[in-house]
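Let me begin by presenting the structure, written as structure tokens, before commenting on it.
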Amino acid sequence: MTASDAPAFCVHCGQAAPGGADHPACHNPRTALEPPRYCTFCARRLVVQVSPLGWTARCSRHGETAGG
């Protein structure tokens, strides 16, 4: 990963976040359990699918991530 590929956007609001860190307003107990909504690399909206076993989120440019 190069410096230009480093996370630069908040996964909850899509706004610029140095180092990919959450903003204080986005860092709360409710968002801790939610899947990401924005790509950390390009701030594009993610296609998110939630299941009882976890979630998957896909960026059209950077691919898929999964969590649970």
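Worth a mention:
- For Ala17, the test of being at pLDDT below 90, hydrophobic (A, V, I, L, M, F, W, C) and open to solvent by 30 Å² or more (accessible area, probe 1.4 Å) is failed.
- Condition check for Thr56: modelled with pLDDT under 90 and surrounded by 11 or more Cβ atoms within 10 Å (Cβ to Cβ): no
- Test: residue in segment 5-13 that is assigned to a strand (DSSP E or B) and at pLDDT below 90: yes
- Restricting segment 20-43 to residues that are open to solvent by 70 Å² or more (accessible area, probe 1.4 Å) and part of a helix (DSSP H, G or I), the residue that is modelled with the lowest pLDDT: Ala32
- Taking every residue in segment 44-56 that is over 20 Å from Cys10 (Cβ atoms) and pairing it with any residue that is modelled with pLDDT of 90 or more and open to solvent by less than 90 Å² (accessible area, probe 1.4 Å), at least 6 positions away or on another chain, the pairs with Cβ-Cβ distances below 9 Å are Gln49/Pro35; Gln49/Trp55; Gln49/Thr56; Gln49/Ala57; Gly54/Pro35.
The values are calculated or read from the model by the stated rules, or taken from the named source; none is laboratory data. Computed from a prediction, not measured in an experiment: that's the story for all the values here. Backbone-built Cβ (ideal geometry, glycine too); neighbour counts: all protein chains shown. The accessibility values were calculated without ligands, DNA or RNA, using every heavy atom of the protein model including side chains. Shrake-Rupley method; radii C 1.70, N 1.55, O 1.52, S 1.80 Å.
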